[in-house]
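Everything below concerns the one structure shown next.
Quick note: the coordinates plus some simple rules give every number you see, no bench work behind them. All figures in this text were calculated on a predicted structure; none of them were measured in a lab. Cβ atoms come from the backbone with ideal geometry, glycine included; neighbour counts cover every protein chain shown.
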Ligand code: RRO
């Protein structure tokens with residue numbers, strides 16, 4: 001029997017393909033649709049302390065190659081996502097946005113108190129890479145900020161130590177483009193007990209335009225936004241591969257969750273070959289809906305059967321140089 005189960009820290013998933021934070025995971029109805037689908041776990045939209053309406057519309061556009069968005073972190077606020085956990089039966093991971101460090105730590109405290117009260121929250125993905133907050137940069141591009149944020153975040157997490165139901169903790173990173181950046185980031189993240197990093201967020205501040213009407217497709221930030229979908233798969237693969245090699249060199253246990261342009265089983269296979277422990281689906285999920293998880297999982301299983309691989313460890317990270 002071909003097995004595509006995986007472990008991220010102490011969290012066991014029966015499949016390795018789940019939703020990215022972003023599309024169709026903002027409202028309770030959307031989270032329930034995910035709960036009824038074949039995703040092995042559920043990741044929420046990145047949340048702030050209070051609810052936010054986000055940027056002006058139109059703010060999302062997709063074509064046959066990929067997507068551009070400048071949503072601006074629209075979400076219902078952390079209390080809502082904690083309450084939603086009552087209706088979720090699968091492993092539930094909350095994505096924490098937050099506009100500054102103080103807000104992030106307050107949100108984390110709320111989550112940790114809820115976990116102590118036995119709410120069904122199994123993981124936290126801290127988003128350090130949103131490209132669409134007007135007037136703010138992508139945090140994880142600044143190495144000093146990254147270290148300072150992680151130091152403060154882990155002080156809060158240690159303060160609230162939860163012994164049972166310990167959530168997995170990870171961060172969502174932006175794409176990096178220069179090779180030395182991977183080692184600089186690893187020098188920092190390896191100082192902290194992170195379970196995972198998610199690579200990559202959308203490629204920030206891209207521009208897709210409409211030549212017929214001679215306009216942008218989205219309104220905020222002069223029409224610029226995060227690019228997702230097929231446009232970004234080569235960058236996503238390279239980020240997963242470079243982090244995999246750097247983390248292996250350091251004997252790190254930090255797992256890599258791949259994200260960026262996964263449309264089918266071959267794409268998922270390629271990410272795992274580069275070293276991903278699991279993969280997330282964003283743009284394709286937005287286009288296709290919850291059916292994409294079963295389809296892509298089945299396609300991955302067909303590829304593994306053809307290659308006589310019975311589980312992900314048979315090929316994870318084994319990319320060869322020609
Ligand atoms: O809401 C958004 O505009 C958004 C976020 Br928080 C993010 O992390 N990545 C993205 O492409 N859009």
#### Entry: Residues residue 87 and residue 154, FRET efficiency given R0 of 30 Å [Cβ-Cβ distance, rounded to 0.05]
0.50
### Query
How high is the relative contact order of segment 138-272, given as a whole-number percent (alpha carbon pairs under 8 Å, six or more residues apart)?
24
### Task
Compare 122, 63, 311 in a GNM of the chain, Cα atoms joined below 10 Å, and give the one with the largest fluctuation.
63
### Query
Of all DSSP beta bridges located in the chain, what percent are antiparallel, nearest 5?
35
### Message
At 37 °C and a viscosity of 0.692 mPa s, what translational diffusion coefficient does Stokes-Einstein give for the chain, taking Rh as the Kirkwood radius over Cα pairs? Give it in µm²/s as a whole number.
### Response
167
### Contour excess over end-to-end distance, with Cα ends at residue 178 and residue 295 and 0.36 nm allotted per residue
38.7 nm
### Message
Using Cα-Cα distances under 8 Å and only pairs 6 or more residues apart, what relative contact order does segment 1-130 have, in percent?
### Response
23
### Query
Counting other C-beta atoms within 10 Å, which of 119, 263 has the fewest, and how do the rest follow?
119, 263
### Message
Over the chain, with a Gaussian network built from C-alpha contacts below 10 Å, which listed residue (152, 215, 105) shows the highest mean-square fluctuation?
### Response
215
### Query
If contacts are Cα pairs under 8 angstrom and at least 6 residues apart, what is the relative contact order of segment 216-265 in percent?
44
### Query
In what sequence do 149, 271, 159, 80 fall when counting other Cβ within 10 Å, fewest first?
159, 80, 149, 271
### Task
Using a 10 angstrom cutoff on alpha carbons, build the Gaussian network for the chain and name the most mobile of 104, 169, 188.
188
### Query
So for the pair residue 144, residue 27, with labels modelled 7 Å out along Cα→Cβ, what separation do we get in nm?
4.4
### Task
Between residue 64 and residue 118, with labels modelled 7 Å along Cα→Cβ, what's the label distance in nm to one decimal, could you check?
5.4
### Query
Percentage of Cα-Cα pair distances in segment 179-322 greater than 21 Å, rounded to whole percent?
50
### Task
Let me have the 222 nm mean residue ellipticity of the chain computed from DSSP H runs of 4+ only, each contributing -39500 (n - 2.57), with the sum over all residues rounded to the nearest 500.
-10500 deg cm²/dmol
